[in-house]
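Colleague: Have a look at this one.
The values are calculated or read from the model by the stated rules, or taken from the named source; none is laboratory data. Please read these numbers as outputs of a predicted model, since none were measured by experiment. Here Cβ is always computed from backbone atoms with ideal geometry, including for glycine, and neighbour counts include all displayed protein chains. Just so you know, the surface numbers come from the protein's heavy atoms only, side chains and all, with ligands and any DNA or RNA stripped out. Shrake-Rupley method; radii C 1.70, N 1.55, O 1.52, S 1.80 Å.
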Amino acid sequence: MSSPSAGWLVWPLRVLVTAALLAVVVVAGQVPFGRASGEAVVRLALRSVNTQLEVCRERTEEELAALPVHMRRATVCEGVAPTYRLTLRVDGEQVLTAAADAGGVRGDRPLIVDHEVRTEPGRRRLQVEMVPLELPGMDAASLEAWTDLPRYHLDQTVDLVADKITLVLLDQEDGLLKVYEPTGEASRQVSINPRPSSVPGSTSSPTVS
Amino acid sequence: MCADTDTSKKAPRADIQPTVGALRRVPLPPGAGIPYRLLLAVDSWFNRVFTSKWNPLYKTGPLSMSFLILTLITGIYLFLMYRVSDPYGSVARLDATWFGGWMRSVHRYAADLTVVAVAIHALRMFMSGRSWGPRAMAWISGLISLGVLLLCGWTGLVMAWDVQGQLVALEGARIADLLPIFSEPISRSFTQPEVIGRSFFFMNLFLHVALPLGIAVLYWLHVSQVARAEFLPPRGLHYGAWIAVLLLAIVVPVPLPPAADVLAVPIGVPLDLFYAFWLPLARSVSPGMHLLAWGIVGAVLFSVPWWWRPKTHTIEPSVVDEEHCTGCAQCYLDCPYDAISMIQGVGQSSLSDSVARVDPNVCTGCGICAGSCAPMVVGPAGRSGRDQLQVVKTFLAENQPTPDQVLVIPCAYGVGENWVAPEGADFLCLPSSCSGSVHTSAIEYLLRSGVGGVMLLTCPERDCLYREGPRWLNERVYNDREAELRPRVDRRRVRIAGFAPGEPEAARAAVEQFRLDISELGEAPVERDIQLDRECEVQYVEP
């Protein structure tokens, strides 16, 4: 190609090249991303507070004597955050089991769970359980405190939609696991569970032990 | 001859050795040969279409500012229309009108092109070895500016709160969750309905508006080591770029993607790859791996000034013969990198109270100061005006020019060795490292010694490796800028023309035309025993 500076094709060529470059910008600015897989997604997004139990014990006489007078408190307590076990069953089949710990170095931050599970779409029975694991060597008092820790259960039949996300959340106010179902195309208008027990397939309302 | 007539062998070389040792090139980094040749090939193709005067690749830095300004102007209108209480709704209402949709499209395209221009600018600096030594700070600040620009773009995508914005927010938050910044993972906020509130969009809007201010500060830092920084491209390019974007936004408006939906798997989300290029990786690897990838890429890019530099060569900064410095400050004025300052009362000069001082950490060794110094006392080692006179004398003694011969002085970074003399024509050739460093005394000496004409083939003025070489050369030869070509020199026998490496044919034609013009002037007068350096001493030193 010779220099176009003297040719009559100069300007059409420049316009053409500029248009081609801009076309690249247009195409690269709108590249479709993400393909339909035909699978439904169950997302567990839970945030639970108060998952720490307080373990207390009495100081011995020797321990008390070793302390300055103003620090001689007979009972010492420390917060312990047990690990929670999260399980998800779909139609009775366990599809997820995971351990979850409270946040923070001392475990005094909220326990946060964020998992996604892909499964076949259709009407399915979801069973979610999140319970604390026992701490080794718990005495009676600790065991009592451990028993009082929140436990979460959900057993509900829902419609899982292909390429849509069914969301399981923990309602902070009433401490219940709730399901947000995608409702067809208008999935933005979510329905909030728990559903009434009369819903076919629903075996129980969400409960907190 | 600079080269033979076989054009197939004339690929520009990064390591060419000049025919005369004193006019040396500054070395390019090891391995720069191939990228540099690739760059020249692309430039060459663009020059054929746009000519070197209007090649947009030469002005990608200022063009990025041009696009950024267009983004800011349209952004003001979008800002006024935006509602943090109803992000997607307000954008959708805006988009429903022709003008609103047009403004949004211009905003998006201009923002995309800003990133494109910045990326090409950085790539050009890298490929031409302009990312190390004194230019390291510009490289680093440029990378940080690019990072801030991307961050600004991400907040812009999130603002609309469509499916793309939701993805950017979610995946970005997943990475942020790995860093010890937030007390709780923030990515949860983007996976649940009714969690993201007005405060989030207000903060996002604030960032989107405030970040350009950061870019302004970084721009100042970026150009702080260059004199007369070019903020905008030449008018033709500037307005041409704007018109192209404005028309593009009319012809191909940017469609508004569907609203964000936390209960939908992203399918066919229209990604803006200029900003959201990382999303495919983010969706296919864990956040930790993704963060690691960002870390590796960042480390590689930020360390370029240390690993992409000559191992055995260093830049030879200019030095000043302070004893003979007249304190005229011309080198200080001409230096394209603000590497020279005038110091009062500390020099050893008996001629002036102030002397020029070169900051070796900022000097790129271009030698432009050598061409600016009338007393010929400044320049890189072996490349001052006096050194050039010696080179010229040696060259003339070895080559014995005839009075009808044309001497071509090609800039090594312009058409350089790529210049091919017309077949059968008799030319002399003396390459220079930078046309702006050629002292007018050297030109005068050549002409008074009987050379028929001196043709200086500079690099394109808009892509000078040292920014202002052709500009100052023209000023010195034709407009009496210090150190000017003396009036006694016949300017008809001097010609300056700028050509890119990919324009050897045009350069050849220009040289041939010059030869024809010279032949009409008759033979040049030949002087013997020319004492230009002696004249210099008499004029500047002995008084």
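Colleague: Filter the range B:53-66 for residues that are open to solvent by less than 20 Å² (accessible area, probe 1.4 Å), over 14 Å from the mean Cα position of the chain (by Cα) and within 14 Å of chain A (Cβ to nearest Cβ) and give the result.
Modeller: Hits for the range B:53-66: nothing passes.
Colleague: From the list B:Arg48, B:Arg93, B:Arg37, B:Arg124, which one is basic (Lys, Arg), within 12 Å of chain A (Cβ to nearest Cβ) and either closer than 30 Å to B:Ile315 by Cα or in a helix (DSSP H, G or I) (or both)? Step through it out loud before you land on a result.
Modeller: Numbers: B:Arg93 fails: within 12 Å of chain A (Cβ to nearest Cβ); B:Arg37 fails: within 12 Å of chain A (Cβ to nearest Cβ); B:Arg124 fails: within 12 Å of chain A (Cβ to nearest Cβ).
Unique residue meeting the criteria: B:Arg48.
Colleague: Looking at B:Val269, B:Val265, B:Val209, B:Val252, which one is open to solvent by 30 Å² or more (accessible area, probe 1.4 Å), facing chain A (nearest Cβ under 7 Å) and farther than 26 Å from B:Pro336 by Cβ? Write out each step before concluding.
Modeller: Details: B:Val269 fails: open to solvent by 30 Å² or more (accessible area, probe 1.4 Å); B:Val265 fails: open to solvent by 30 Å² or more (accessible area, probe 1.4 Å); B:Val209 fails: facing chain A (nearest Cβ under 7 Å).
The match here is B:Val252.
Colleague: Still on this model: Give the range B:149-163 a look and list any residue that's part of a helix (DSSP H, G or I) and within 17 Å of B:Asp86 (Cα to Cα), or say none.
Modeller: B:Thr155, B:Gly156, B:Leu157, B:Val158, B:Met159, B:Ala160, B:Val163
Colleague: What's the total number of residues in the range A:78-95 that are within 18 Å of A:Arg43 (Cβ to Cβ) and of a type in the set (Gly, Ala, Ser)?
Modeller: Result for the range A:78-95: 0.
Colleague: Now, a different point. Checking B:Phe274 against (1) closer than 17 Å to B:Thr71 by Cβ; (2) facing another protein chain (nearest Cβ under 7 Å); (3) in contact with a Gly (Cβ under 6 Å, 6 or more places away or on another chain), only one condition comes out false. Which one?
Modeller: (3)
Colleague: Which of the residues spanning the range B:166-206 are among the polar types (S, T, N, Q), open to solvent by 50 Å² or more (accessible area, probe 1.4 Å) and assigned to a loop (DSSP other than H, G, I, E, B)?
Modeller: In the first step, residues of the range B:166-206 are kept if they are among the polar types (S, T, N, Q); the result is B:166, B:183, B:187, B:189, B:191-192, B:199, B:204.
With the extra rule that they be open to solvent by 50 Å² or more (accessible area, probe 1.4 Å), the set shrinks to B:183, B:199.
Hit for the range B:166-206 is B:Ser183, nothing else.
Colleague: Separate question: Mind listing whichever residues of the range A:8-59 are facing chain B (nearest Cβ under 9 Å), of a type in the set (D, E, K, R) and without any contact (Cβ under 8 Å) to a residue 24 or more places away in the chain?
Modeller: Of everything in the range A:8-59, those that are facing chain B (nearest Cβ under 9 Å), of a type in the set (D, E, K, R) and without any contact (Cβ under 8 Å) to a residue 24 or more places away in the chain turn out to be A:Arg14, A:Arg35.
Colleague: So, in the range B:502-543, of the ones that are polar (S, T, N, Q) and surrounded by 13 or more Cβ atoms within 10 Å (Cβ to Cβ), which residue ends up nearest to the chain's Cα centre (by Cα)? So that I can check it myself, show each step before the final result.
Modeller: Just the residues of the range B:502-543 that are polar (S, T, N, Q), to begin with: B:513, B:519, B:531, B:539.
This time we only want the ones that are surrounded by 13 or more Cβ atoms within 10 Å (Cβ to Cβ), so: B:513, B:519.
Details: B:Gln513: 31, B:Ser519: 38 Å.
Filtering first and then ranking leaves B:Gln513.
Colleague: Take B:Ser349 and decide whether it is modelled with pLDDT under 95, of a type in the set (Ser, Thr, Tyr) and open to solvent by less than 30 Å² (accessible area, probe 1.4 Å).
Modeller: On the way: modelled with pLDDT under 95: yes; of a type in the set (Ser, Thr, Tyr): yes; open to solvent by less than 30 Å² (accessible area, probe 1.4 Å): yes.
The answer is yes for B:Ser349.
Colleague: Which condition number does B:Ala381 fail, the rest of (1) within 30 Å of B:Val451 (Cα to Cα); (2) modelled with pLDDT of 90 or more being met?
Modeller: Checking B:Ala381 against (1) within 30 Å of B:Val451 (Cα to Cα); (2) modelled with pLDDT of 90 or more, the one that fails is (2).
Colleague: Looking at A:Asp91, A:Asp101, A:Asp155, which one is modelled with pLDDT of 85 or more, open to solvent by 20 Å² or more (accessible area, probe 1.4 Å) and within 14 Å of chain B (Cβ to nearest Cβ)?
Modeller: On the way: A:Asp91 fails: within 14 Å of chain B (Cβ to nearest Cβ); A:Asp155 fails: within 14 Å of chain B (Cβ to nearest Cβ).
Sole residue among the options that is modelled with pLDDT of 85 or more, open to solvent by 20 Å² or more (accessible area, probe 1.4 Å) and within 14 Å of chain B (Cβ to nearest Cβ): A:Asp101.
Colleague: In the range A:30-40, how many are out of contact with any Leu (no Cβ under 7 Å at 6 or more places or on another chain) and not charged (D, E, K, R)? Step through it out loud before you land on a result.
Modeller: First pass over the range A:30-40, keeping only residues out of contact with any Leu (no Cβ under 7 Å at 6 or more places or on another chain): A:30, A:32, A:34-39.
From the residues that got through so far, the ones that are not charged (D, E, K, R) too are A:30, A:32, A:34, A:36-38.
Number of matching residues: 6.
Colleague: Please tell me if A:Arg73 is in a loop (DSSP other than H, G, I, E, B) and either in contact (Cβ under 8 Å) with a residue 40 or more places away in the chain or open to solvent by 90 Å² or more (accessible area, probe 1.4 Å) (or both). Even if it seems obvious, please write down each step before you answer.
Modeller: Working: in a loop (DSSP other than H, G, I, E, B): yes; either in contact (Cβ under 8 Å) with a residue 40 or more places away in the chain or open to solvent by 90 Å² or more (accessible area, probe 1.4 Å) (or both): yes.
Yes, satisfied.
Colleague: On to the next question. Cβ contacts < 8 Å: first residue loosely packed, with under 15 Cβ neighbours inside 10 Å, restricted to the range B:212-225; second residue hydrophobic (A, V, I, L, M, F, W, C), any location; separation 6+ or different chain. Result?
Modeller: B:Ser224/B:Met137
To keep it simple, each residue is scored yes or no on (1) within 19 Å of B:Ser435 (Cα to Cα); (2) open to solvent by less than 80 Å² (accessible area, probe 1.4 Å); (3) of a type in the set (Val, Ile, Thr).
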| residue | (1), (2), (3) |
| --- | --- |
| B:Val300 | no, yes, yes |
| B:Ile315 | yes, yes, yes |
| B:His324 | no, yes, no |
| B:Cys331 | yes, yes, no |
| B:Cys335 | yes, yes, no |
| B:Gly365 | yes, yes, no |
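Colleague: Check A:Val117, A:Val128 and return the single one that is aliphatic (A, V, I, L, M), within 14 Å of chain B (Cβ to nearest Cβ), assigned to a strand (DSSP E or B) and within 18 Å of the chain's Cα centre (by Cα).
Modeller: Details: A:Val128 fails: within 14 Å of chain B (Cβ to nearest Cβ).
Just a single option satisfies the conditions, and that option is A:Val117.
Colleague: Still on this structure, I have one more. If I ask for residues that are small (Gly, Ala, Ser) and either open to solvent by less than 20 Å² (accessible area, probe 1.4 Å) or under 18 Å from A:Val31 (Cα atoms) (or both), which ones from the range B:146-165 would you list?
Modeller: Let us first name the residues in the range B:146-165 that are small (Gly, Ala, Ser), namely B:147, B:153, B:156, B:160, B:165.
Once the filter is applied, which keeps residues that are small (Gly, Ala, Ser) and either open to solvent by less than 20 Å² (accessible area, probe 1.4 Å) or under 18 Å from A:Val31 (Cα atoms) (or both), the range B:146-165 yields B:Gly153, B:Gly156, B:Ala160, B:Gly165.
Colleague: While we're looking at this one, here's another question. Could you list all residues from the range B:430-481 that are open to solvent by 10 Å² or more (accessible area, probe 1.4 Å), under 26 Å from B:Pro233 (Cβ atoms) and polar (S, T, N, Q)?
Modeller: The answer is B:Asn474, B:Asn479.
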